[in-house]
Structure formats: structure tokens, C-alpha cells
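K.L.:
Take a look at this one; I'll ask things after.
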Amino acid sequence: MSRFKYSVGPWNVHEGADAYGPEVRDSIPFEEKLKKFKEIGFDAVQFHDDDAVPNINNYTEEEIKVEAAKVKALLDKYGLVAEFVAPRLWFDPRTVDGGFCSNSAEDREYAMWRAYRSIDIARVLGCDKIVLWLAREGTLCYESKSPVDNTNRLVEAINKMLDYDKDIKIMIETKPNEPIDRSVCPTLGHAMAISAASKDPSRVGGLLETAHAMLAGLDPASEIGFALAMGKLWGVHLNDQNGMKYDQDKSFGVENLRAAFNQIKVLMENGFGENGEYIGLDVKAMRTEKQEGSYQHLINSLKIAKALEAKAEKFDYDFQKKCVAERDYEKLELYVMELLMGL
Ligand code: 3MF
Ligand code: MG
């Protein structure tokens, strides 16, 4: 029995297209995904604004709420809840130069429109969390934007969202690069600083994705621990990553088992989830996977996460204390490896 509740986004079941090749699996209808998520053992669903309301640009503000209500009914039907809504600020032609930090005032306004609509949708779906993955907030041509203006614009946009809804909470999902280079918010330290600079730091926190920490050359468990220490870790995207290269979104734990163990361990030690937080997955199926295997990476990730929960339950803190007292870290390290290897 897991102590955590787990969440997943509909984009985690996908057709397999990548930057170098087209789709390799058929699309699965949204409702079928929800049904399957519940069956697999998920409690909550993560949304982009346009996951909930496809073609969002074509609707009025009122129509968007009506569309969102249909999604809420589907969630209810399958006994699921919404975890968060994230404005997708990287697809639309008006976001080519970024959203909140675009050099075009008109485009920045469009980004705010999407942010406000995300809040509206979250409200209809019954959740109070907004995720900002700042995909294109940074700079491609360094001299095209001022890093100071970028940072100030981001704070300004967040303040406007906080004003728009007095109860909404914002989680910044940090990532150092891809698709943008020199991201405005590469690490949770940056997210915490943005939070402190906002008009209501108590409503601005962070979401740590394993792969994103690794892309920044950082240890994911330490990033998680840092935000926990600040009382501002409100979400995670667990997955895995082989080194500092393109974002791989591999199944949780398959590349770096000990690092995965330590992520689960630090979450457990600090009561993550006790205030209703979910352990989110953000994983992609391999391109080789067949249609029938569209959910296998989710099943595998959940299995590994729960197995690591069980390992962390078994972690012998008395033995750890003894090793620490003796300053025998070799002994402690071997103990951890034996625990993970089942020896
Ligand atoms: C990119 C991501 C994103 C975010 C998502 C929700 C497409 O690396 O991790 O997934 O998680 O936009 O914030
Ligand atoms: Mg993510």
C-alpha cells in the first residue's frame, strides 16, 4: 500500500513522434486514457489548458468554462481529480519569442490570456494549482533580450496571476534548457527567488522534475530537499535521464536507481503528500513501443516508485546513525547498495 497519491498527464500517453520522425502509434481518445489511468492506479490528472479545452483559441472565456465542465464530469465519472493546469505557452505562433518574456507586448498579453484561462479551467476542474513550465522564457540570441527584464517580466506576470485569483497557487516547473537556451528559471533556487520577489511568496512554489534537475547538472533529491526546506515543494515530475543531454523523460528509476531511491526517501522523510500533494510522473514511452504498450512506461514507473517506497520503509535509520557516529560512510554506502540490490 502506497502512502502517496500519484498523478499523470494525458501527454504521457502519446503517439511517439520526436524531432526526427513522425508518429508511430495511434492516438488514444482522452476518455479512454482517463479510464486506463484509474485502472493502472493513478488518483489525479495533470492538465495543460488545451488538454482540457482543445482549440482553446477558438472559444470565448465563457465557452472555455463550459468545455472545462465537460472534462470535470469525465474526471468525476472515473473517480479522478485534477492536480493542476499549465498554460501551454510554446505551441502557438504568438509564443515563438516566449510568453511572459516575449519582446512583443501583444504576445505577452496573449500569454497572460492563456494564464488567466488556465486559472479559469483549474477552478472549473476543482483544483487550485497552476504549473508554469517556462518552455521558451530565456533567450536564443543573447543580445535580443535583457536577463534583468526577463526576470522582472516573469515576476510581473506571476503577480498578475496572483491578483486574478486570490486562492490560486503557482508552481514553477524549473528546467535549464530545451527548447529554450539560458532559461529564466533553470533551478528550484531560481524558482524560490522568484517566489520571494512575488507579491505573495506563500502562493508561489516549485515543481521538480527529475530529468530537469539532471539537465542542470544537479541531483534531483537535493533539489527536492531544498524546496522542501523552504516549504515550497508542491509537486514533482518523477522520471529519469541518462546524463546531460536532450530531455529523455525515461521511466522512473531505470537509469539512476540510487538517485531515484533518494528522491522517494527525501519525499517520505518530509511528509510530502500530507497536504494533498501528488507524486506526478512525466514519462515517455520508447519509440519502439507498440500500440498495446502505450501505458507500459507508466505501469513500470509506478511499480518502481512503489518498490522504492518499500525499500525506503526498510531503511535502517539506527544503522545509519551508527555509521554516521563512526563516520563510516563506506559501510553506510554498501548498506544502501545491498538494500537496493536485495542482498
Ligand atoms: C517539459 C515538461 C512538460 C511539463 C508540462 C507541464 C510537456 O520538459 O516537463 O511536459 O511537465 O508542460 O508543466
Ligand atoms: Mg515535466
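K.L.:
Using 0.36 nm times the number of residues separating residue 199 and residue 55, minus their current alpha carbon distance, what extension gain do you get?
P.N.:
Working: separation 144, 0.36 × 144 = 51.84 nm, distance 3.22 nm.
Contour length minus Cα-Cα distance gives 48.6 nm.
K.L.:
Please check the chain for the longest run free of chymotrypsin sites (Phe, Trp or Tyr not before Pro) that are loop-located per DSSP (anything but H, G, I, E, B) and have at most 14 other Cβ atoms within 10 Å. Walk me through the numbers before you get to the answer.
P.N.:
Numbers: sites that count: 20, 91, 246.
Longest stretch, sites excluded: 92-245.
K.L.:
Would you mind telling me the antiparallel percentage of the DSSP bridges in the chain, rounded to 5? It would help to have the intermediate numbers written out before the result.
P.N.:
Values: 2 of 28 bridges.
That works out to approximately 5 percent antiparallel.
K.L.:
Take the alpha carbon atoms of region 211-247, find their center, do the same for region 74-106, and report the distance between the two centers in whole angstrom.
P.N.:
For region 211-247 versus region 74-106, the Cα centre distance is 21 Å.
K.L.:
Per DSSP H run of n ≥ 4, the term is -39500 (n - 2.57); total these for the chain, divide by its residue number, and report the mean residue ellipticity at 222 nm rounded to 500 deg cm²/dmol. Mind dumping the intermediate values first?
P.N.:
Details: 12 runs with 151 residues, N = 343.
So the helix-based figure for the chain works out to -14000 deg cm²/dmol.
K.L.:
How large is the dipole of the chain about the Cα centre if only Lys and Arg carry +1 and Asp and Glu carry -1, each at its Cβ, rounded to the nearest 20 debye?
P.N.:
Working: 44 positive and 57 negative charges, 113 e Å.
With Lys and Arg at +1 and Asp and Glu at -1, about 540 debye.
K.L.:
Okay, moving on. Suppose every Lys and Arg Cβ carries +1 and every Asp and Glu Cβ carries -1, with no other charges. What dipole size does region 31-184 come out with about its Cα centre, to the nearest 20 debye?
P.N.:
Numbers: 23 positive and 30 negative charges, 68 e Å.
That gives a dipole near 320 debye.
K.L.:
So how much slack lies between residue 182 and residue 152, counting 0.36 nm per residue of separation and subtracting their Cα-Cα distance, in nm? All intermediate terms of the calculation are to be shown ahead of the outcome.
P.N.:
Values: separation 30, 0.36 × 30 = 10.80 nm, distance 1.56 nm.
Answer, rounded to one decimal: 9.2 nm.
K.L.:
Charges on Cβ only, +1 for Lys and Arg, -1 for Asp and Glu, centred on the Cα centroid of the chain; of 201, 57, 99, which one is farthest towards the dipole's positive end?
P.N.:
Working it through, the farthest residue towards the positive pole turns out to be 201.
K.L.:
If you don't mind, another one. If you average the alpha carbon positions of region 112-139 and of region 1-40, how far apart do those two centres end up, in angstrom?
P.N.:
21 Å
K.L.:
Taking +1 at the Cβ of each Lys and Arg and -1 at the Cβ of each Asp and Glu, which of 148, 288, 220 sits farthest along the dipole of region 6-313 towards its positive end, judged by Cα position relative to the Cα centre?
P.N.:
Among 148, 288, 220, the one farthest towards the positive end of the dipole of region 6-313 is 220.
K.L.:
For residue 202, what accessible area in Å² do you get when you roll a 1.4 Å probe over the heavy atoms of the protein chains, rounding to the nearest 10?
P.N.:
Here the residue's solvent-accessible area equals roughly 70 Å².
K.L.:
Can you work out the PRE-style zone for residue 70? Point 7 Å along Cα to Cβ, and I want the residues of region 105-149 with backbone N under 11 Å.
P.N.:
none
K.L.:
Mind grabbing the accessible area of residue 257 for me, 1.4 Å probe, Å², rounded to tens?
P.N.:
Estimated to the nearest 10 Å², residue 257 gives 80 Å².
K.L.:
Residues of region 6-313: accessible area per residue at 1.4 Å, in Å²?
P.N.:
42 Å²
K.L.:
For the pair residue 269/residue 222, report the inter-label distance in nm, with labels modelled 7 Å from Cα in the Cβ direction.
P.N.:
Here the modelled spin labels are 1.4 nm apart.
The values are calculated or read from the model by the stated rules, or taken from the named source; none is laboratory data. Predicted model only: the values in this text are computed from it and were never measured. Because the Cβ atoms are built from the backbone with ideal geometry, glycine has one as well, and the counts that use them run over all protein chains shown. Heads up: the accessible areas ignore ligands, DNA and RNA and are worked out on the full protein's heavy atoms, side chains in. Shrake-Rupley method; radii C 1.70, N 1.55, O 1.52, S 1.80 Å.
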